[in-house]
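**Q** My questions will all concern the structure given below.
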Amino acid sequence: MKTDYTRYRLSLMENIVFGMGYLVAAAVVCIIFYDSFLPLILMLPAGVYVRRLFEEYKRKRRQQELYFQFKDMVQALAASLSVGYSFENAFIAAHEELTRTYGKDALIVRELVVIMHEIRLHKNIEDVLADFGERSGIREIHNFSQLVAVAKRTGGILVQIMKTTAAGIARKVEVEMEIATMIAAKRYEQRIMLVIPFLIIGYLRMVNQSYICILYEGVAGRIVMTLCLLAGIISYFWSRKLINIGV
């Protein structure tokens, strides 16, 4: 079965786990900021938006996993072509090698099964790879399929294309890893800064509740706590955008 990597839908178990996690998190927020479960009713519709954010996160993680595995596939294809395999048979050799590396349930292994199946049905390899590139939603895979199509039509050197593509992806992966290492501390600081307000309020409520009880009484206190909660939410999205560096 072909997979559309540009979209991600949560499975039944993932929906259950997400729903339970969101309810617990929303209940904790309600207790800390409002000392009541009543606002939980108003927070339930926001779960739809949070669920979409979670699906987007899972989609990007899956595409990243496919991207890293695709690099190894291209390297395996280049090695097979170098020793004399035909382009179609190179996919069979790549499938065997990557199955040993990642296991039969890996994303790229499943895609190679689809590619080999369509090759057996005598489908044009250029069209098969073009379909893979479209479904992946990854620029490098799409460009790779176009390069293969041009090389097949013009008699280009496929081995050199494979090596160039693999080298380009390897350089990009290296840069991404360097960036991830550089901003790892900032990500950690972001998470700490988001948790600290909850810890401070929770601590004050446990050791000296009378100190902040006014924030839970009257309209003015509710407004102040709501503004604090909104400030936390805005700071989360702002910091998330600041540390989201693409290559």
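The values are calculated or read from the model by the stated rules, or taken from the named source; none is laboratory data. Only a predicted model underlies this, so the values are computations on that prediction, with no experimental measurement involved. Counting neighbours? That spans all protein chains shown, and the Cβs are built from the backbone with ideal geometry, glycine included. Keep in mind that these areas ignore ligands, DNA and RNA; they rest on the heavy atoms of the full protein, side chains included. Shrake-Rupley method; radii C 1.70, N 1.55, O 1.52, S 1.80 Å.
**Q** How about segment 1-20: which of its residues are open to solvent by 40 Å² or more (accessible area, probe 1.4 Å) and not basic (K, R)?
**A** Initially, segment 1-20 is screened for residues open to solvent by 40 Å² or more (accessible area, probe 1.4 Å), giving 1-2, 4, 6-9, 11-17, 20.
The answer is M1, D4, T6, Y8, S11, L12, M13, E14, N15, I16, V17, M20.
**Q** Would you mind finding the one in Y211, Y216 that is among the aromatic types (F, W, Y), modelled with pLDDT under 85 and open to solvent by 70 Å² or more (accessible area, probe 1.4 Å)?
**A** Exactly one of Y211, Y216 is among the aromatic types (F, W, Y), modelled with pLDDT under 85 and open to solvent by 70 Å² or more (accessible area, probe 1.4 Å), namely Y211.
**Q** Taking H142 as the residue in question, decide whether it is of a type outside the set (D, E, K, R), touching a Gly at 6+ places or on another chain (Cβ under 6 Å), open to solvent by 30 Å² or more (accessible area, probe 1.4 Å) and in a helix (DSSP H, G or I).
**A** yes
**Q** Here's something else I'd like to know. Among the residues of segment 60-71, is any within 30 Å of L230 (Cβ to Cβ) and surrounded by fewer than 19 Cβ atoms within 10 Å (Cβ to Cβ)?
**A** Let us first name the residues in segment 60-71 that are within 30 Å of L230 (Cβ to Cβ), namely 60-61.
So of that shortlist, the ones also surrounded by fewer than 19 Cβ atoms within 10 Å (Cβ to Cβ) come out as 60-61.
Among the residues of segment 60-71, at least one is within 30 Å of L230 (Cβ to Cβ) and surrounded by fewer than 19 Cβ atoms within 10 Å (Cβ to Cβ), which makes the answer yes.
**Q** Within segment 198-247, track down each residue that is under 12 Å from I32 (Cα atoms), out of contact with any helix residue (DSSP H, G or I) (no Cβ under 8 Å at 6 or more places or on another chain) and of a type in the set (S, T, N, Q).
**A** Result: Q209, single match.
**Q** So, one more: Got at least one residue in segment 43-56 being at pLDDT below 90 and not in a helix (DSSP H, G or I)?
**A** yes
**Q** Considering only residues that are assigned to a helix (DSSP H, G or I), within 23 Å of N89 (Cα to Cα) and without any contact (Cβ under 8 Å) to a residue 40 or more places away in the chain, which ones fall in segment 153-178?
**A** Residues satisfying the conditions are R153, T154, Q160, I161, T164, A167.
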